[in-house]
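Contents: one structure, followed by commentary.
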Amino acid sequence: MNLGFFASHRGSNMQAVIAACNSGQLAAKPCVVISNNSDSEALARARKEGIPAYHFSSKVIADPAELDKAILLTLQRHEVELVVLAGYMKQLGEKTLNAYQGRVINIHPALLPKYGGLGMYGIHVHEAVIAAGDAETGVTVHLVDAEYDHGEILAQCRLPVLPGDTAETLAGRVLETEHTFLVQTLIDIVEGKIILPQKVN
Ligand code: GRF
């Protein structure tokens, strides 16, 4: 299965998936990495791994429709079958979403539909979980549609909020869980245990 990644900053989830591909744990090939942030660690990681890496943003192509087209062409040129959003802070354009409908997944560091949507990213998610006094949090992998953190939930795992947890300690534990959970979810997709609406390969 040919994977295309979108990531805006650190890219640690993407890196976990690349490592699983490299070790043979996951029968997939990272084909391309796209970031809206030219300085992102994600692009640096991709280049280090020898994976084609591109910076696409309004700074590169000002017209949103043209940007969308260029992104879609890049995915197609690299024969991407499944798109993985891993910490991507932008929305995909209409053309890309249509072409890859049912074949774009996102990872979110909470139990959606709670703590999702605009502004719910990074430490804000974990601050909201702590502020609400929730006893558990988790990780969600879901299909992507035109709304932030909204598409069909494909897989979720739960972890406890521990006494004394701060947003920072929680963020650390959730991130560690994300790395293994994203890899496991992709394995389940490859093995047909999770069925996507569109056949992937
Ligand atoms: C992760 O928490 C992911 O769930 C969210 O953004 C964060 C990205 O972290 N969508 P990283 O860039 O993979 O390290």
Of the numbered conditions (1) open to solvent by less than 70 Å² (accessible area, probe 1.4 Å); (2) out of contact with any Pro (no Cβ under 7 Å at 6 or more places or on another chain); (3) under 23 Å from residue 197 (Cβ atoms), residue 172 fails exactly one; give the number of that condition. (3)
Number of the condition not met by residue 165 [criteria: (1) of a type outside the set (S, T, N, Q); (2) in a loop (DSSP other than H, G, I, E, B); (3) surrounded by 17 or more Cβ atoms within 10 Å (Cβ to Cβ); (4) touching a residue at least 60 places away in the same chain (Cβ under 8 Å)]: (4)
If a residue has to be exposed (fewer than 14 other Cβ atoms within 10 Å of the Cβ) and modelled with pLDDT of 95 or more to count, how many in segment 132-152 make the cut? 5
Report every pair of residues separated by at least 6 positions or lying on different chains whose Cβ atoms are under 9 Å apart, first residue within segment 8-23 and among the hydroxyl-bearing types (Ser, Thr, Tyr), second near the ligand (Cβ under 7 Å from one of its atoms) and in a helix (DSSP H, G or I). 8/42; 12/42; 12/175; 12/178
Assess whether residue 129 counts as being modelled with pLDDT of 95 or more, crowded, with 21+ Cβ neighbours inside 10 Å, of a type in the set (A, V, I, L, M) and under 21 Å from residue 34 (Cα atoms). no
Can you name every residue in segment 162-182 that is away from the ligand (no atom under 12 Å from the Cβ) and touching a helix residue (DSSP H, G or I) at 6+ places or on another chain (Cβ under 6 Å)? 167
How many of the residues making up segment 1-12 are away from the ligand (no atom under 11 Å from the Cβ), in a loop (DSSP other than H, G, I, E, B) and of a type outside the set (A, V, I, L, M, F, W, C)? 0
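The values are calculated or read from the model by the stated rules, or taken from the named source; none is laboratory data. What you are looking at is a predicted structure, and each value in this text was computed from that prediction instead of being measured. Positions of Cβ are backbone-derived with ideal geometry, glycine not excepted, and every protein chain shown enters the neighbour counts. Each accessible area value is taken on the protein alone, full model and side chains, heavy atoms only, with ligands, DNA and RNA left out. Shrake-Rupley method; radii C 1.70, N 1.55, O 1.52, S 1.80 Å.
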